[in-house]
Each structure stands twice: as C-alpha cells, then as structure tokens.
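Just so you know, all these numbers are worked out from the coordinates, no wet-lab data involved. Bear in mind the structure is a predicted one, so any value in this text is a computation, not a measurement. Here Cβ is always computed from backbone atoms with ideal geometry, including for glycine, and neighbour counts include all displayed protein chains.
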C-alpha cells in the first residue's frame with residue numbers, strides 16, 4: 001500500500017487559547033518504529049483532557065473551573081507543571097487521546113498480519129520509561145495522538161475491534177469509557193448497589209451510567225434540567241438537577257458510591273449522602289479543583305476517597321468485549337471535520353450536548 005509523505009494535523013504549539021491549535025497541512029506522516037503500528041485515523045474524539053492540557057489547567061497556579069480559560073487560556077499558567085503528569089509538555093504536540101482507525105503499516109517486530117485491522121488505541125497507558133506502579137502516559141499528551149490523518153501507537157496498546165459501529169461511534173469510546181470503567185472497576189461497584197454520578201450528561205458521565213447499569217447498580221444521575229430526559233434514556237433510575245439539594249432529595253447515608261467528575265463548590269454534600277463505608281471516586285473537576293472537606297465526615301463514616309487516573313489493562317480490554325457483545329452503546333452528539341477543531345472545542349466548552357463530539361480527518 002502506497003502511503004503519502006505528508007498529512008493534515010492539528011499541532012498544539014503552546015499553552016493558551018484556541019490560537020495555540022494550528023492546522024498544518026504539510027505535517028510529515030509518521031513512521032512506525034519498532035513495536036509500533038501506523039494507523040490511518042478514521043475519527044478522533046474530543047475530551048476534557050485535550051482542552052485542559054491546551055489551556056494549562058493542570059498547573060497548580062490555576063484554581064478555577066475549566067470553562068473560565070477554555071477559549072483564551074489562563075494568565076497564571078506555569079508551563080513547568082501545566083500537563084496532567086506535571087512534566088513540561090514537548091511542543092509542538094499532536095493531541096487526541098481518542099483514536100479509531102485502520103492499521104496500514106507496522107514497525108519492526110510487529111506481525112504484518114495486523115495490517116488491515118480496525119482498531120482503537122488505549123488512551124491511558126503504562127509509562128514505557130518506568131516500571132513504577134501508577135506511572136502512566138496519556139496518548140496525545142506524552143506522545144503524539146489522533147488529531148491527524150495518520151498516527152503511530154505501540155502495537156500492544158492498539159486493540160482490534162470487530163463491530164458494525166461507525167468510526168465516529170468507535171472513537172467516542174477510548175478515553176471516556178475507559179475512565180468510567182476504571183473508576184467502577186477499582187471501586188468494585190457491585191450488583192444491587194446505588195451509585196450517584198455527577199456530570200452524567202458528559203462523555204465520562206454518560207459512559208459511567210451505562211457501565212454502572214451493566215453491573216446491575218441502581219444509578220442516580222446529576223445533570224442540567226435541559227438534558228434530564230436524554231440522560232434518563234440511558235437507563236438511569238433517577239435523574240436530579242445538578243443544582244438540587246441532594247441531601248434533602250436522597251437523604252444522608254443513602255448511596256454506596258459516588259462517581260464525581262465535577263467537584264467545585266457543590267462537593268461537600270457528596271460525602272454526606274455516602275453510606276458508612278462508602279466509596280468516592282473522582283477523575284475530573286470541571287467545576288473547579290478546590291473543595292472544602294470536613295475531615296470528620298471522612299473518618300467518622302469510614303469513607304474511601306479515591307483518585308482515578310492510572311488504569312489497569314483490564315479496564316480497556318473489558319470495553320472491547322462490551323462493544324463486540326453489544327452491551328454498551330455510543331453516545332455521539334456531533335461530528336466535525338478535523339480542520340474545524342476550534343469550533344468543535346468551542347461547542348464542547350458550551351456543554352450543550354450529550355455524550356461526545358468527534359473529529360473526522
């Protein structure tokens with residue numbers, strides 16, 4: 001198969017506003033190195049982590065919500081800790097944690113029979129430079145990702161998927177669904193337990209709803225009133241407005257687990273509704289990273305508070321099985337040409353949709 005030498009890609013050239021995302025139509029097509037595959041990208045989903053990295057929200061100098069700097073960035077960013085890993089980003093960088101596509105070439109040591117496979121790339125991977133537990137990298141952050149016509153990935157992190165979904169639907173899965181699956185897996189959500197999910201209309205939230213129902217849990221979702229019916233259609237048992245007094249609505253000590261993607265000023269009541277011995281898991285803080293914790297609530301109720309970034313491999317391999325067996329469904333709200341990434345991220349920040357927005361090269 002003859003491959004082009006150049007491609008269209010979106011390069012992040014610095015931390016800041018949308019102007020830091022530059023469309024380069026003469027980017028060299030990468031070559032698959034030893035242990036790698038070359039993927040012709042079919043679609044690439046947009047995630048909070050892409051925007052957080054662009055605007056430098058992970059910097060400890062930033063204490064506000066993500067939307068505040070979403071379009072223009074922040075004046076207080078320290079580039080030395082502006083990536084999620086705390087290590088300065090190597091620029092320019094092709095972002096894009098979500099990738100679906102077809103393997104078109106392989107590097108040394110990779111079976112050529114993989115050429116032609118339809119694949120997803122595992123978005124959160126063990127750090128190849130470290131054997132320490134919990135050290136990991138994000139595809140499209142510590143290495144180039146999917147906001148391009150072609151992308152390379154480690155063969156062992158690239159999973160074949162057999163399904164009849166569109167490229168846009170398949171690209172909605174890797175980052176959001178693996179994040180949600182990992183949270184439920186590590187907290188060991190059980191059949192019959194009750195889980196409260198914040199930000200339930202977003203990519204991770206809507207994924208968590210489906211994955212929790214798949215486990216047999218009773219699901220309570222928090223989202224805006226305008227999205228309540230769409231979230232209810234995902235199978236939740238109860239939808240509450242995101243501004244609701246959840247202690248009044250649900251009662252204290254009423255849920256086994258909280259899946260939180262929002263944090264911010266409404267955080268404290270989440271611990272009040274947890275049962276004694278309950279589990280709280282977070283993988284985001286779109287309403288702001290600073291919260292107020294009454295430590296007495298934590299220890300007197302024997303609560304477990306868990307951050308969730310590092311993912312066991314099973315979290316991703318599970319997803320492939322769920323897709324192939326028809327146990328989950330994609331929630332894609334809109335697609336955009338790759339070259340319209342600015343508009344796509346503006347719409348992402350406006351949060352006027354359910355599920356995922358996806359770019360098509």
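Over the chain, dividing the summed -39,500 (n - 2.57) contributions of all DSSP H runs of at least 4 residues by the number of residues returns a 222 nm mean residue ellipticity of -6000 deg cm²/dmol.
Need one word for segment 259-361: rounded, prolate or oblate. Basis is the Cα gyration tensor (sqrt eigenvalues a ≥ b ≥ c); a/c below 1.5 gives rounded, then a/b vs b/c decides. Verdict is oblate for segment 259-361.
Based on the Cβ-Cβ distance of residue 111 and residue 342, what FRET efficiency does E = 1/(1 + (r/R0)^6) give at R0 = 41 Å, to the nearest 0.05? According to the calculation, E is roughly 0.55. In terms of its C-alpha gyration tensor, segment 115-188 comes out oblate, because a/c is 1.5 or above while a/b does not outweigh b/c. Look at (i) 19.6, 61; (ii) 19.9, 65; (iii) 22.0, 70: the one that is Rg and Dmax of the Cα atoms in Å derived from this structure is (ii). By DSSP, the beta bridges lying fully in the chain are antiparallel in about 55 percent of cases.
Relative to the longest principal axis of the Cα atoms of the chain, the long axis of helix 203-214 makes an angle of roughly 70 degrees.
Between the Cα long axis of helix 313-324 and the first principal axis of the chain there is an angle of about 80°, rounded to the nearest 10.
For segment 179-307, the square roots a ≥ b ≥ c of the C-alpha gyration tensor eigenvalues yield an a/c under 1.5, which makes the shape rounded. Compute the long axis of helix 341-350 from its Cα atoms, compare it with the longest principal axis of the Cα atoms of the chain, and write down the angle in degrees, 0 to 90, nearest 10. Rounded to the nearest ten degrees, it is 0.
With a 10 Å cut-off between alpha carbons and a GNM built on the chain, which of 63, 179, 194 moves the most? Among 63, 179, 194, the largest GNM mean-square fluctuation belongs to 63. Taking 7 Å steps out from each Cα toward its Cβ at residue 249 and residue 80 produces label points 4.4 nm apart.
With springs only between Cα atoms under 10 Å apart, run a GNM on the chain and tell me which of 16, 284, 72 wobbles the most. Result for the chain, Cα springs under 10 Å: 72 fluctuates most.
Reported to the nearest whole Å, the Cα centre-to-centre distance from segment 103-134 to segment 232-278 is 38. Taking other C-beta atoms within 10 angstrom as a stand-in for reagent exposure, 313, 71 fall in the order 313, 71, fewest first.
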